[in-house]
Amino acid sequence: MCKHIFLSAAFLHLSLYKPQLFFWLSFFWLVPIFYIAIKNKLSFKCGLLWGVFFYLFHLYPITQLVMSENSILPSFIFSTALILYSAFHSGVWLWSIQKMNAFSQNFWWRLFSFMVGTSVYLLWIPYGLLWISGSVLGYPFSFPLLPLAVFPSLLWALPILGRAVLIFFLVGVSLSIALFFVSQKKRFLFFVFLFFLPFLIGCFVSKKEKASSDFFCRCGHVKPLEEHAYAHPLDAAQELYRRMRALVKKYPHVKYIFMPELSYRFPLNVYPHVVDLWNKNLLKNEIQLFIGGYRKENGKTFNSLYHIKNGVLDRVYDKCLLVPFVEYIPKKFEAFSFLKNLFLKDRGMFSPGKYRCTFDCGDGVLCAPHICAEFFFANNKEKNDFTLLVLNDAVFSSSFFNELVFLWCAFKAKEQCRNIVVIGYESAFLITTFGRRKKLFPLHFFS
């Protein structure tokens with residue numbers, strides 16, 4: 001049994017770790033679990049063991065980050081608690097399926113309980129895993145449809161059927177394969193083909209991708225300042241001006257400059273003369289600037305994204321969905337002072353924004369701003385032409401997590417049929433509605 005559980009966890013991890021090579025394991029990672037289920041051996045212990053195997057490898061970049069910045073003992077305690085907490089939910093997943101099976105030993109009922117129970121678990125994890133924090137947060141990077149984003153044709157039916165239906169078919173493929181291995185009956189191969197059909201059909205139904213809009217061809221990216229590099233707001237503003245000027249000098253056609261989350265580490269709304277400095281010397285009412293930074297109002301600090309247009313602060317978006325422990329300490333955990341010391345240290349806590357908004361870029365182009373993690377959980381319902389995602393991708397030294405971010409962006413672009421501009425610390429990309437990645441300035445296909 002342990003061998004089957006380990007194989008299942010390893011298959012899913014490999015499909016997400018190296019999707020270019022192992023994307024096909026998305027259709028197979030559940031086979032060992034279903035093989036155990038068909039033999040009627042599921043239990044909470046099985047699920048817990050699966051979760052420990054999977055999250056031990058998958059959350060390693062997070063545990064490595066925590067341990068690199070803190071003392072060993074509290075870091076080890078937190079990392080262990082995070083893995084066991086995540087594994088607890090996979091234990092509930094298999095336990096609930098076993099309890100559903102207890103109602104009836106009918107073959108079709110058992111199949112139904114396997115498929116529905118697993119589909120619900122897979123759909124819930126990206127949005128509900130971290131419910132204990134009091135926020136609508138989950139862990140999106142374990143979603144088994146993500147590896148398929150490396151070949152967007154496999155997700156052709158995503159905007160039509162939706163992720164819930166597609167997950168149901170994905171689970172159906174694994175279950176049919178497991179039934180074939182157990183029974184050796186060839187009729188189950190037909191069900192494999194039937195459930196695989198929504199993914200297969202995209203390889204034969206092709207659409208021609210539209211040429212990139214002229215708007216994206218005029219976009220530029222500037223790397224932000226290092227944290228604590230400049231102690232005075234004016235010195236930091238001067239350095240950013242020099243970097244923006246170098247960009248415009250090299251690419252004179254740039255009319256939109258993007259900078260990532262917390263690029264200017266002073267409250268820009270408190271220093272309006274900084275905007276005047278940039279406009280008089282560079283922007284000149286002609287170049288628009290999108291820059292992440294702080295905002296302070298009524299004693300509260302916000303993680304914000306500023307839109308400077310026609311030389312003034314046209315609009316500011318405050319991050320609405322904050323990450324617990326990283327950006328604030330939930331009230332139920334405020335009594336545990338070691339958590340604040342472990343994550344926030346001497347940094348203050350952010351306050352959440354109250355509403356979402358859109359930025360008017362001119363020429364009828366609207367964008368919906370998102371700041372870092374909230375993009376993975378928020379539903380983009382605003383009327384807009386593209387989604388603007390600014391993030392701090394320098395937090396993780398591991399390229400594994402950064403690649404998972406791009407996979408999720410490609411998945412969301414395909415799902416919502418909307419372009420996504422991703423602005424990180426080291427690079428900036430356009431993710432097209434076809435799930436393809438293009439690098440900004442000059443715009444070209446990423447290889």
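The values are calculated or read from the model by the stated rules, or taken from the named source; none is laboratory data. The structure presented is a predicted model; accordingly, all values stated were derived computationally and were not measured. Quick reminder, even Gly has a Cβ in these numbers, built from the backbone with ideal geometry, and neighbours come from all protein chains shown.
Looking only at residues in the range 282-293 that are farther than 18 Å from residue 238 by Cβ and within 30 Å of the chain's Cα centre (by Cα), the one that is surrounded by the most Cβ atoms within 10 Å (Cβ to Cβ) is 292. Of the candidates 351, 304, the single residue that is within 20 Å of the chain's Cα centre (by Cα), modelled with pLDDT of 85 or more and among the small types (Gly, Ala, Ser) is 304. Of all residues in the range 1-31, those that are without any contact (Cβ under 8 Å) to a residue 60 or more places away in the chain and in a helix (DSSP H, G or I) total 14.
A Cβ distance below 6 Å, combined with a sequence gap of six or more or placement on separate chains, defines the contacts here; from the range 355-375, residues that are on the phi > 0 side of the Ramachandran plot and in the same structural domain as residue 218 (by TED's automatic domain parsing) reach residues that are outside any strand (DSSP E or B) and not hydroxyl-bearing (Ser, Thr, Tyr) in the pairs 372/261; 372/391. Listed by first and then second residue, the pairs linking a residue in the range 277-303 that is on the phi < 0 side of the Ramachandran plot to a residue that is of a type in the set (D, E, K, R) and assigned to a loop (DSSP other than H, G, I, E, B), with Cβ atoms under 8 Å apart and 6 or more places separating them unless they lie on different chains, are 286/255; 287/255; 288/255; 292/261; 302/319; 303/261; 303/319; 303/327.
Please work out if residue 190 is touching a Leu at 6+ places or on another chain (Cβ under 9 Å), part of a helix (DSSP H, G or I) and in the same structural domain as residue 21 (by TED's automatic domain parsing). Outline the logic, then answer.
Values: touching a Leu at 6+ places or on another chain (Cβ under 9 Å): no; part of a helix (DSSP H, G or I): yes; in the same structural domain as residue 21 (by TED's automatic domain parsing): yes.
Answer is no for this residue.
Selection of the range 249-265 for residues being of a type in the set (D, E, K, R) and touching a residue at least 12 places away in the same chain (Cβ under 8 Å) yields 255, 261, 265. In the set (1) surrounded by 15 or more Cβ atoms within 10 Å (Cβ to Cβ); (2) under 28 Å from residue 19 (Cα atoms), the condition left unmet by residue 244 is number (2).
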